[in-house]
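K.L.:
Right, I'll just put the structure down here and ask away after.
Only the coordinates and a few stated rules stand behind these numbers; no lab work does. Not measured: the values here are computed from a predicted model. Cβ placement follows ideal geometry from the backbone for every residue including glycine, while neighbour counts extend to all protein chains displayed.
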Amino acid sequence: MNIAILGGGSWGTALAVHLAGKDHSVKVWEFFEEQARKMQDERICPLLAEVNLSENILISSNIAEVVPGTDLVFLVVPSDKVEVTIESARGLITTQPVIICSKGFGKGLRFLDEVVKEKIFGNVYCLYGPTHAEEVGQGKFSGIVLAGKNSQEREKIKEVLSSDFFKVELSDDLKGVQVSSALKNVIAVFMGVLDGKGMGDNAKAYVITKGVEEIKKVGLALGAREETFYGLAGLGDVFVTATSKHSRNRHVGEQVGKGRKIDEVIAEMKMVAEGVTTVKEAIGLKEKLNLELPLIEGLYQIIFEGKEIEKILSQL
């Protein structure tokens, strides 16, 4: 099968390596021309340096070289770049399915599948779960959720993705997996703050429990199903992102917990921490849904208003 991956970062590269390992022909679009050239020539990704790119992976900064003639398109760019990326590709995408791997919301807290669906003719799916790129790229055991409405096509995409060490579960709860995947990054940042401040395991257990409940509250208000929040795309993704050494979001929070300013931390990072963008957007959910969201609001106050962590915890 011919597959296009829009986004040459760590997760896009890990997916490319996994799919190429199943003998699919993979083309990766990388926005930065110099990085695309380096990846193509040296067969490595600077953000995933321990993983080698096989010869059946093409990397290009020319999107017109990547998308035409493909059977599937994976969208693996930061959430705030989804709309502009799909707009650039819309004339090249015909009826092939688009699988969104970006985690977050669109402008105005819109679901990303709605943003993408406005631009293309085929079906839209979401692929989310506890899958750090560093481990998937090395072929370590992982599980993920593929969500979408067309059950027959969904089964075919599952077959493309699945292996003995890459388990794919199916769902039709597009709203639930998107809410979970976006807001779990908020919890991960909060967990990092607690680590940076040295607050201990009890505090982290408290926050992660309250965080899952808050995510579920938002999801149910938006029409999602409760069971989604206790599956791989929910609790599973929360756990891995909030506790792993690979988590960029946890790292950002940890630096803030140590007393550093958020702008300083972001400026020195090579990869995007979606949780920072998401917490800015998610604060609007309180008004939009008329919900009390003390964890999301509390993290916003810690990061952007300099509120004391202890005071926020006492109010949760």
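K.L.:
What angle do you read, to the nearest 10 degrees and between 0 and 90, between the alpha-carbon axis of helix 151-161 and the longest principal axis of the chain?
P.N.:
80 degrees
K.L.:
For the stretch 37-193, with only Lys/Arg (+1) and Asp/Glu (-1) charged at the beta-carbon, what is the dipole magnitude about the Cα centre, in debye rounded to 20? Kindly include the intermediate steps, with their values, before the conclusion.
P.N.:
Details: 18 positive and 21 negative charges, 80 e Å.
Dipole magnitude for the stretch 37-193 comes out near 380 debye.
K.L.:
A further question on this structure: Checking the table Lys119/Lys258; Lys81/Lys311; Lys81/Lys258 against a 32 Å threshold on Cα-Cα, which pairs fail?
P.N.:
Working: Lys119/Lys258 43 Å; Lys81/Lys311 35 Å; Lys81/Lys258 30 Å.
Among Lys119/Lys258; Lys81/Lys311; Lys81/Lys258, the Cα-Cα distance tops 32 Å for Lys119/Lys258; Lys81/Lys311.
K.L.:
For the chain, what does -39500 (n - 2.57) per DSSP helix run (n ≥ 4), summed and divided by total residues, give at 222 nm, in deg cm²/dmol to the nearest 500?
P.N.:
Value at 222 nm, helices only: -14000 deg cm²/dmol.
K.L.:
Suppose R0 equals 41 Å; then what is the FRET efficiency for Thr95 and Lys261 from their Cβ-Cβ distance, rounded to the nearest 0.05? It would help to have the intermediate numbers written out before the result.
P.N.:
On the way: r = 47 Å, r/R0 = 1.15.
In this case the efficiency is close to 0.30.
K.L.:
With θ set to phi - 60° and the Karplus curve 6.51 cos²θ - 1.76 cosθ + 1.60, what are the ³J(HN,Hα) couplings of the stretch 228-233 in order, to the nearest whole Hz, using x for Gly and Pro?
P.N.:
Those phi angles translate into 4, 7, 10, x, 4, 6 Hz.
K.L.:
Taking the 0 to 90 degree range and rounding to the nearest ten, how far is the long axis of helix 201-221 tilted relative to the main principal axis of the chain, both from C-alpha atoms?
P.N.:
70 degrees
K.L.:
While we're looking at this one, here's another question. Can you put Ile208, Ile5 in order of Cβ neighbours within 10 angstrom, beginning with the fewest? Walk me through the intermediate numbers first.
P.N.:
Details: Ile208 22, Ile5 29.
Fewest-to-most ranking of Ile208, Ile5: Ile208, Ile5.
K.L.:
Taking the alpha-carbon distance from Lys158 and a cut-off under 14 Å, which aspartates and glutamates remain once sequence neighbours fewer than 8 residues away in the same chain are dropped?
P.N.:
The reachable aspartates and glutamates, counting only those whose Cα sits under 14 Å from Lys158, are Asp71, Glu169, Asp172.
K.L.:
A further question on this structure: Just to be sure I understand, if you calculate Kirkwood radius over Cα pairs in Å for this structure, which of [x] 22.4; [y] 19.7; [z] 20.7 do you get?
P.N.:
Read-out from the structure maps to [y].
K.L.:
About the Cα centre, and with charges only on the beta carbon of Lys, Arg (+1) and Asp, Glu (-1), how big is the dipole of the chain? Nearest 20 debye, please.
P.N.:
On the way: 38 positive and 44 negative charges, 85 e Å.
My answer is approximately 400 debye.
K.L.:
So who's got an amide H within less than 5 Å of the one on Gly231, skipping anything under 5 residues away but keeping other chains? H placed 1.01 Å off N, in plane.
P.N.:
Gly236
K.L.:
Moving on. Relative to the longest principal axis of the C-alpha atoms of the chain, give the angle of the C-alpha long axis of helix 33-42, reported between 0 and 90° and rounded to the nearest 10°.
P.N.:
Tilt relative to the chain: about 70 degrees.
K.L.:
Please arrange Thr241, Thr209 by how many other C-beta atoms lie within 10 Å of their C-beta, fewest to most.
P.N.:
Working: Thr241 26, Thr209 10.
Neighbour counts put them in this order, fewest first: Thr209, Thr241.
K.L.:
Kindly work out what percent of the DSSP beta bridges joining two residues of the stretch 2-172 are antiparallel, to the nearest 5. It would help to have the intermediate numbers written out before the result.
P.N.:
On the way: 6 of 31 bridges.
Looking only at bridges with both residues in the stretch 2-172, the antiparallel portion is about 20 percent.
K.L.:
Now, a different point. Starting from the Cα gyration tensor of the stretch 80-154, take the square roots of the eigenvalues, sort them a ≥ b ≥ c, and report rounded, prolate or oblate (rounded when a/c is under 1.5, otherwise prolate if a/b is larger than b/c, else oblate).
P.N.:
Working: a/c = 1.85, a/b = 1.48, b/c = 1.25.
Prolate shape, in that a/c is at least 1.5 and a/b is the bigger ratio.
K.L.:
Among Thr13, Thr95, which comes first, then next, by fewest other beta-carbon atoms within 10 Å? Show your work: numbers first, answer last.
P.N.:
Working: Thr13 28, Thr95 8.
Ranked by crowding around the Cβ, least crowded first: Thr95, Thr13.
K.L.:
Now a separate question. Pairs Lys156/Lys245; Lys286/Lys307; Lys103/Lys280: which are spaced more than 25 Å apart, C-alpha to C-alpha? All intermediate terms of the calculation are to be shown ahead of the outcome.
P.N.:
On the way: Lys156/Lys245 34 Å; Lys286/Lys307 19 Å; Lys103/Lys280 14 Å.
In this structure, Lys156/Lys245 lie more than 25 Å apart at Cα.
K.L.:
Right, here's the next one. With point charges of +1 on the Cβ of Lys and Arg and -1 on the Cβ of Asp and Glu, referenced to the Cα centre of the chain, which listed residue (Val177, Ala233, Ile312) lies farthest in the positive direction of the dipole?
P.N.:
Ile312
K.L.:
Just Ile296, Ile262, Ile63 to compare: in a GNM of the chain, with alpha carbon springs under 10 Å, which one fluctuates most?
P.N.:
Of the options given, Ile262 has the highest mean-square fluctuation.
K.L.:
Also: Percent antiparallel among DSSP beta bridges with both residues in the chain, to the nearest 5?
P.N.:
Values: 6 of 31 bridges.
Taking every DSSP beta bridge with both residues in the chain, the antiparallel ones total about 20 percent.
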